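Rule-based calculations on the coordinates, nothing more; no lab input. Note that the structure is predicted; figures quoted are calculated from it, not measured. Neighbour counts run over all protein chains shown; Cβ positions are idealised from the backbone, glycine included.
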C-alpha cells in the first residue's frame, strides 16, 4: 500500500522507537483489511441481490396479477349491480306510472274509436288527392314519427319488464 508523503513524514516524526513503527504498520494493514472486507461484502451483497432478483420480480408479477384480477372482478361486480339497479328502477317507475299509462292507452283507444265512428259522408265529400294504395297498417314500418310518444313509452316499458 502506498502511503502519501505527508502521512509518512508524520509517522517518522511520531515514531521514536520500534514499537511505534510496528503499531503504525499494523494500523495501515488493518485499514487495508477493512477496505478488503468492505469490498468483499459489497460483492457478496451484489451477488445476493442478483441471485434473488428473479424471485422478487416473480413475487411482484404475482402481486400485480392478483391486483389486476381483483380490480377486474370489482368492475364486473359494479356493472352487474348497476344493471340490477337500473332494472329495479324501471320496474318501480312502471309500477308508479301504471295507472297513468293505462289511462293514456284508454284515451288513445277512445280517440281511435271516435275516428272510426265518423259518418262516411264526410270522407266522400273530400276528393281523394293521393293515389297510393291502401295498406293493412296505417303507417309505413320505417315511420317512427307516426307512433305517439305515450304509445312508444308504454311499449318501451313492456319490453323493459319482459327483460
Of the listed peptides 154-163, 76-85, what is their order by residue-averaged count of other C-beta atoms within 10 Å, with the highest listed first? 154-163, 76-85
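Given a Förster distance of 41 Å, report the FRET efficiency between residue 93 and residue 52 from their Cβ-Cβ distance, rounded to the nearest 0.05.
0.10
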Residue span residue 150 to residue 101: 0.36 nm per residue of separation minus Cα-Cα distance leaves a gain in nm of 16.9 nm
Output needed for segment 38-103: three equivalent-ellipsoid semi-axes, defined as square roots of 5 times the C-alpha gyration tensor eigenvalues, in descending order, whole Å. 62, 8, 4
